[in-house]
Amino acid sequence: MGHTTLIALALMASFAADAAAVERTPWPARKRRTDEGLLRPGVHELKDPKRWPAEPESPPAPLDEKRFRAAFSGMCEGMASPRLLGRISEEILQVAGEAGVDPFLLGALVYRESRCVPTLVTGFGTGLVQIQARMIQANVRGSRLRYQVREGGEWKEHSRPIPAGALSRLQNSLINLRLGAAMLAMWQDQHPAIDEAFAESVPHRSAVAHFGWGDIVRGTGGEDRALTARRRMLNRYLDKTTAPHKTDLGFEVVSPLEGIPRLAPSGPGEDREEGVRAHRGLDIDATAGEPIGSIADGVVWFTGFDLPGRVRPQVVPPDELAATKRPALGPGGLFVCIRHVPGISSCYMHLQSYRVAIHDRVKAGQVIANVGRSGTKASGTHLHLEIHRDGDAIDPAPVLGPELVIPPQETVAHDIALANKKHRLVKERRARWKAHLAAQQAKN
Ligand SMILES: [Zn+2]
């Protein structure tokens, strides 16, 4: 078969695939694209999204405006002025009410997509919920968002009101929220019919997955992060604290991060730097700036910098953090360690900042630091948590328990990490065997 035939066959195949997609829906697949090519299938997610427990219900309307404002502003603290955050929280309540969508979900999307910055423009979209004009423009006509919903086996036209000219005014918070809420309602109305139409989607839990991807969902990391933000906001609104988890360490523990259960895509024993060192802790997926609480009562025994190589970490008190010149950091970055009982301590790494000093007494759940990316080279933002017992690092996942953290064994990323490690060990064994044979031959 010549080259031309192969190309022709490939073209026919792709044409057939497109034709099939058009047959399934009256429109071609809407895709959220990016110039940077960052929107890739995820690996941090659960192998089976059904393993997530059901998401908590929102309280019925009317909501307490003051509490909602405190919950939203608290989550977005430091990202914008308190006045602006207060105004955005009022707009979220108003717009969610008009569109009939969950205000906690809309608030969570604002946090997840733009960290509450109305003027943010990125490769993913514009404004508070990062709307991508080129993905949605076919649905926008005048002051209506038009879309089709499957009813009785047929696609029927629906529409929702949106501000006129919305696509050219996406940096206006109220306009962005109005269009965003209408889009959220649209995905909810079209779901799960679009999942049937676009069977190439990976399994996911809710219509929010489509908010991030468009018609074809290729990963569930974004959905998880939006729903985690919603749980955080809901718990703040309800002033809800979760029951501590019993351990065999002689004390109970609480989650270091809000909005349980949290996802831990990487655990102890995995390779780091291609096997130069082993991972000693649990990586919990998180957003930069998130508050970190101590897992139990204790006394702080370290705050400072991890340094490269076998050098002692450098102690830095919290009030000197900003003024201290940062050296090249070791893989732990900025970190804090707390002793809970004699012989047992916990360490929190890759921090953005910390607010406790050596010898401080802390309570379980007390905020000690903020999530950052210090010291990490390749991985996304996460909290690296270590628990040490008599000098040895133990696995934090069973200590926290499945209600607080979903362990690495449930994630795609962990399987990939273990497969890579196995591949490295096999390669090293082969190299050793080759060297051995060469040495034997040299002797003979
Ligand atoms: Zn879906």
With the structure loaded, tell me whether A328 is in contact with a His (Cβ under 7 Å, 6 or more places away or on another chain) and of a type in the set (A, V, I, L, M, F, W, C) or whether it fails that test. no
Against the conditions (1) within 16 Å of the ligand (Cβ to nearest atom); (2) aliphatic (A, V, I, L, M); (3) in a helix (DSSP H, G or I), where does A229 fall short? Just the number, please. (1)
Among the residues of region 315-325, write down those that are surrounded by 12 or more Cβ atoms within 10 Å (Cβ to Cβ) and either in a loop (DSSP other than H, G, I, E, B) or at pLDDT below 90 (or both). V316, P317, L321, T324
Would you call G86 at pLDDT 95 or above and surrounded by fewer than 21 Cβ atoms within 10 Å (Cβ to Cβ)? yes
Yes or no: region 269-285 includes at least one residue that is closer than 22 Å to A71 by Cβ, of a type outside the set (K, R) and out of contact with any Asp or Glu (no Cβ under 7 Å at 6 or more places or on another chain). yes
Of everything in region 394-417, what is surrounded by fewer than 16 Cβ atoms within 10 Å (Cβ to Cβ) and more than 25 Å from T242 (Cα to Cα)? Give them in sequence order. D415, I416
From the list Q148, Q171, Q190, pick out the single residue that is farther than 21 Å from R112 by Cα, in contact (Cβ under 8 Å) with a residue 40 or more places away in the chain, away from the ligand (no atom under 12 Å from the Cβ) and in the same structural domain as Q130 (by TED's automatic domain parsing). Q148
Residues of region 197-207 satisfying the condition of being under 22 Å from W52 (Cα atoms) and in contact (Cβ under 8 Å) with a residue 12 or more places away in the chain: E200, S201, V202, P203, H204, R205, S206, A207
Please go through region 175-220 and pick out each residue that is acidic (D, E) and touching a Ser or Thr at 6+ places or on another chain (Cβ under 7 Å). D195
For region 261-302, how many residues meet the condition of being of a type in the set (G, A, S) and not in a loop (DSSP other than H, G, I, E, B)? 5
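Each row is one residue, and each column tells you yes or no for (1) part of a helix (DSSP H, G or I); (2) more than 22 Å from V254 (Cα to Cα); (3) in contact with a Lys or Arg (Cβ under 9 Å, 6 or more places away or on another chain).
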{"site": "G304", "(1), (2), (3)": "no, yes, no"}
{"site": "L307", "(1), (2), (3)": "no, yes, no"}
{"site": "R312", "(1), (2), (3)": "no, yes, no"}
{"site": "V356", "(1), (2), (3)": "no, no, no"}
{"site": "D415", "(1), (2), (3)": "yes, yes, yes"}
Kindly establish whether S255 is within 16 Å of the ligand (Cβ to nearest atom) and either within 23 Å of A133 (Cα to Cα) or among the hydroxyl-bearing types (S, T, Y) (or both). no
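The values are calculated or read from the model by the stated rules, or taken from the named source; none is laboratory data. Please read these numbers as outputs of a predicted model, since none were measured by experiment. Backbone-built Cβ (ideal geometry, glycine too); neighbour counts: all protein chains shown.
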